[in-house]
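Notes for the one structure printed next.
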Amino acid sequence: MRREPGSSSRIGSSNRKPETKLQEGEGGAAGRSRRFTFAPSVDRLAATQPPFPDPPRIVYTPRREDRRRETHVTVLFWIKIIVAVATVGFGLMSILSPSAAERFTGLKATGPRGVSEIRSVLGGLFVGLGVAAIIFRTSSAFGTVGIGYLAIALVRGASIYFDGAPTSSNWLSLGFEVVFGILLLV
């Protein structure tokens, strides 16, 4: 690389003056523009500027109403978890002891196929729904189980009326299903 006389050996420094260039087709002072060939070193600029300060920290102290709302949400969340655990418990009861489910529901399993239905439908479905709500812990997961409970309650209420089945276990089940469904949807 050849150096011109009078030039500095340092990178980024130059003794060159801005060039004046005449635009094509224009004359006079209005037609002149300046083109600079010198650019300051980025490292030199970075060394002269202080580093960016940390942004100010904003500390939020919740008001009393906000703290009550947070506590309310926390309590409601734990109630939903308890309902989901109870759902798993009902399912496990049907899986582990189909005879207990038979006594409570009034269903009779006359053969192995009937026992399999009690374990899979009354047990497996409730265990799966409860575990899914516990694992995902979202309003959608809890809401899905809640809608399931309310659908069961709706059909049970219709069955009590149309089939003439106002037994104590039907009313007890209807009450639990309505309460659980509402709690999970709130």
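Throughout, read-outs are computed from the coordinates displayed, never taken from laboratory work. Note that the coordinates shown come from a computational prediction; the quantities given were computed from them, not determined experimentally. So basically every Cβ, Gly included, is an ideal-geometry build from the backbone, and we count neighbours across all protein chains shown.
Fraction of C-alpha pairs exceeding 11 angstrom in the range 79-123: 63 percent, rounded to a whole number.
Summary value for the range 66-185: 29 percent relative contact order, contacts being C-alpha pairs under 8 angstrom separated by 6+ residues.
Diagonalising the gyration tensor over the Cα atoms of the range 127-186 and scaling each eigenvalue by 5 before taking the square root yields semi-axes of 25, 10, 9 Å, largest first. Couplings 3J(HN,Hα) for the range 163-179, derived from phi with the Karplus relation 6.51 cos²θ - 1.76 cosθ + 1.60 (θ = phi - 60°), are 8, x, 10, x, 7, 5, 5, 5, 5, 5, 4, 4, x, 4, 5, 5, 5 Hz, where x marks Gly and Pro. In this simple spin-label approximation, Ile79 and Thr105 carry label points 7 Å from Cα along the Cα→Cβ vector, and these lie 2.8 nm apart. Computed from backbone phi, the HN-Hα couplings of the range 107-122 come to 6, 10, 8, 7, x, x, 5, x, 5, 4, 5, 4, 5, 7, 7, 6 Hz, rounded to whole numbers (Karplus: 6.51 cos²θ - 1.76 cosθ + 1.60, θ = phi - 60°; Gly and Pro given as x).
Report note on the peptides 133-146, 166-179, 81-94, 105-118: ranked by the mean count of other C-beta atoms within 10 Å, highest first, their order is 81-94, 133-146, 166-179, 105-118.
Computed from backbone phi, the HN-Hα couplings of the range 142-154 come to 5, x, 5, 5, x, 5, x, 4, 5, 5, 4, 5, 4 Hz, rounded to whole numbers (Karplus: 6.51 cos²θ - 1.76 cosθ + 1.60, θ = phi - 60°; Gly and Pro given as x). Take the Cβ atoms of Met93 and Ala165, set R0 to 25 Å, and the FRET efficiency comes out at 0.70.
On a per residue basis, the convex hull of the C-alpha atoms belonging to the range 66-185 measures out at 105 Å³.
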